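The structure that follows is given in the form of structure tokens.
The numbers here are math on the coordinates, done by the rules we state, and not lab data. All values derive from a computational prediction rather than experimental measurement. Heads up, the Cβs are rebuilt from the backbone with ideal geometry, glycines too, and the neighbour counts pull from every protein chain shown.
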Amino acid sequence: MQAQINQFGNTLQDLIALALGERSYTRAQLTRKLGVSRPVLSRALDPMIHDGFVLSEVSAREGGAGRPVQYLSLVDGAAYIVGLSIGRNEAAGVLINRAGQQLFSTSFEYLAYRGWEKPLQKLLSLLMRGIAENSIDTKKIAGTGVALPMSAFRDSDAAKAAAMVREEWSGGCVYDNIVAMAALAHLHSPAGSLAASPQMYVRLSGGVGSCFMWSSPVENIPQVVAGEFGHVSIPGIAQKCHCGNIGCLELAASYAALCNGAEVESLADFRQKLDSGDPQTADVLNRGAAALGFACAQVAMAAHPSHIYLGGEVVAELPQIVSLTQAQMRRHFSPAIQWEVPISSIPMDGAACAWGAVCAVKTSVAALQIKNESIATVMRL
Ligand SMILES: [Zn+2]
């Protein structure tokens, strides 16, 4: 198995786990491989043995001469982090071990988002079944990440999710907006990178969500902030939004807006109608891209993102919305602005968001470890 999370915020413990995820080592071999002293290695390694993530087995040297050798190996079936994602019509969950290898994953779809509690409850029971069937050890889970839509935060009861998770296993809970989790998943993918200038992420799904991600000046820790991009007001849209505002972006560029405009049930039907050359459907898509391009241009002029990433069901089903939005955004840029903000598409489905939730926990744990290591250094002085 290849570790899927290995780019940012790696502590010495992460590097030990990654090495042991490949093969077993002795302490002497690990110190050479990682370029650290024996005491430094032991400080990081011993808690991992104590917590049951690393197995230490002593075996006699070949030929029976000299001291026995201690071999270290990864405990494959010990879960370390859980990632959960509750979207408008899809829930997904994943468990990884200490080396970032996937132990189990599950997902299921539902017709429409009617509150996150029921999908979360079902997701937890599916995971518990997978844990039992695969003999996964959940005693030392460091944390669970939960990706929820912005509406859950509006209800200010997202902390309930942590209570539901803690009924199944221990460890801290990190929850954030679903688009913020998608951004973290992208950051930790081979294509991801982190810069001082912000990157903007827009998820076109049941609603329209966005976040900005940029690098903290300390230790490459990502900073993410999400907002209510779907409720930015667009000139020329007269309808009233469920939020109470008039002309919100969601009324032009969300899953429901596109389907309603083309008088179809699903985006698959939308695409079929579009491919058959229906001018009304093409117009609906163009108006969605125009609204999104306008909103992106305003944001780009205010915050100067280095890149805009689009994802979600709308982008997965209608990839041409990316180039249409790019062209529309350029129209609304001030002529004085010479730079180009590239727009590309990335996966932001349930699986990606669940992986992002794992990354959120890993980032928090790494930040805490770095802080504790710094405090320990100061105390030694
Ligand atoms: Zn609105």
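Between ALA282 and SER59, take the C-beta separation as r, use R0 = 51 Å, and let me know the FRET efficiency to the nearest 0.05. Working shown, then result.
Numbers: r = 69 Å, r/R0 = 1.36.
The computed FRET efficiency comes out at 0.15.
So which residue, out of LEU72, LEU187, LEU84, gets the largest mean-square fluctuation from a GNM of the chain using Cα contacts under 10 Å as springs?
Checking each option, the largest mean-square fluctuation is seen for LEU72.
So if we plug the beta-carbon distance of ASN10 and ASN89 into 1/(1 + (r/R0)^6) with R0 = 41 Å, what FRET efficiency do we get, rounded to 0.05?
Working: r = 35 Å, r/R0 = 0.85.
Efficiency, rounded to the nearest 0.05: 0.75.
Assuming 0.36 nm per residue, please report the length gained on full extension of the stretch GLU265 to ARG331 beyond their Cα-Cα distance. All intermediate terms of the calculation are to be shown ahead of the outcome.
Values: separation 66, 0.36 × 66 = 23.76 nm, distance 3.17 nm.
Contour length minus Cα-Cα distance gives 20.6 nm.
Among the lysines, select those whose C-alpha is under 19 Å from the C-alpha of LYS160, and discard any that sit fewer than 8 residues away in the same chain.
Within the straight-line cut-off, LYS160 pairs with LYS118, LYS122.
Viscosity 1.002 mPa s, temperature 20 °C: give me the Stokes-Einstein translational D for the chain in µm²/s, with Rh taken as the Kirkwood radius over C-alpha pairs. Before the final figure, lay out each step's value.
Details: Rh = 22.6 Å.
D = 95 µm²/s.
A further question follows. Let me see the pair-distance distribution of the stretch 178-274: every alpha carbon pair, 5 Å bin width, integer percents in order.
Calculated over all Cα pairs of the stretch 178-274, the distribution is 2, 13, 18, 17, 14, 14, 11, 7, 3, 1, 0 percent.
Quick one: net charge of LYS122's neighbours, Cβ under 13 Å, K/R +1, D/E -1? Please list the in-between numbers first.
Values: positive: ARG114, LYS118, ARG129; negative: GLU90, GLU109, GLU117, GLU168.
Value of the local net charge: -1.
What full-extension length gain, to one decimal in nm, is calculated for SER135 and SER197 as 0.36 nm per residue of separation minus the Cα-Cα distance? Numbers along the way, then the final one.
Values: separation 62, 0.36 × 62 = 22.32 nm, distance 4.42 nm.
Gain on stretching SER135 to SER197: 17.9 nm.
Which residue fluctuates the most in the chain, going by a Gaussian network model with Cα springs under 10 Å, if the choices are GLN338, GLN13, GLN223?
GLN338
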